[in-house]
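The values are calculated or read from the model by the stated rules, or taken from the named source; none is laboratory data. Only a predicted model underlies this, so the values are computations on that prediction, with no experimental measurement involved. When we count neighbours, we look across all protein chains shown, and the Cβ atoms used for this are built from the backbone with ideal geometry, even at glycine.
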Amino acid sequence: MSREKRSYHSSVRADRARATRRRVVDAATTHFLDAGYASTSLAAVAGSAGVSVDTVYKTFGSKIGLLKAVLDVTIGGDDAPVGVLERAGPQALREEPDQREQVRMLASGVAGQLERIRPLDDILRSAAAVDQEAAGLREDIQVRQRRAAMRTIVGWIAVRGPLRDGLSVERAAQVVWTLTSPEVHLLMRDTGGWSQKSYRDWLAQALADGILAR
């Protein structure tokens, strides 16, 4: 077989594998949202996706691995192999010269992301109360990954101007991490009944008041 044919067949296999992975992730998303983590079986997900249970195990390793894949796609907005901060929205924020506009962009991006991710985070939070692997996954996403991302973003904002009262980047990142948490979103949107726009506008003002020099 020629090099060109091998390359073609390899590309076709990769495309098929990615399509299969996406079908499984889509099916799992529906099952997790409808039934919760504990009541979702890999057999049910496999049946909905039209694949074998063995394929699900080979691709994702376990149910918690599948939930992680679902969360990764939901956080990013698609299954493109691009880091969250390397996507167009965060990179536009990084290049924005106006500090207050950066904060508005951050609030808008977080508000949109939380509308997608919060229902799944609610499921993960409930699972974390009784499942050690789920607890570890939520700790990784909501503490390690999100704190690191906010530290990077606040660093970009600090390049454009001073932070409030000599606030350090690390301390400002903690403020941003808290204000942009799923828990605050839950309180404002679900418990408080705020609209998405009201939450987004409040978040932009709260972030500006919390970290920017007056």
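Being assigned by TED's automatic domain parsing to the domain that holds T40, crowded, with 18+ Cβ neighbours inside 10 Å and touching a residue at least 60 places away in the same chain (Cβ under 8 Å) is a property that L93 lacks. Considering segment 146-163, the residues that are without any contact (Cβ under 8 Å) to a residue 60 or more places away in the chain and of a type outside the set (A, V, I, L, M) include one that is surrounded by the fewest Cβ atoms within 10 Å (Cβ to Cβ), namely P162.
Can you find, within segment 20-69, the residue that is nearest to the chain's Cα centre (by Cα) among those that are charged (D, E, K, R) and either surrounded by fewer than 20 Cβ atoms within 10 Å (Cβ to Cβ) or at positive phi (or both)? Of everything passing the filter in segment 20-69, K68 is nearest to the chain's Cα centre (by Cα). Residues in segment 166-199 that are under 19 Å from D98 (Cα atoms), part of a helix (DSSP H, G or I) and touching a residue at least 24 places away in the same chain (Cβ under 8 Å): A172, A173, V176. Could you check, for segment 60-76, whether at least one of its residues is modelled with pLDDT under 95 and under 30 Å from G161 (Cβ atoms)? Yes: one or more hits. Considering segment 125-145, and only residues there that are in contact (Cβ under 8 Å) with a residue 60 or more places away in the chain and among the β-branched types (V, I, T), the residue that is nearest to G83 (Cα to Cα) turns out to be I141. Among the residues of segment 164-214, the ones that are of a type in the set (D, E), over 20 Å from the mean Cα position of the chain (by Cα) and surrounded by fewer than 13 Cβ atoms within 10 Å (Cβ to Cβ) come to 2 in all.
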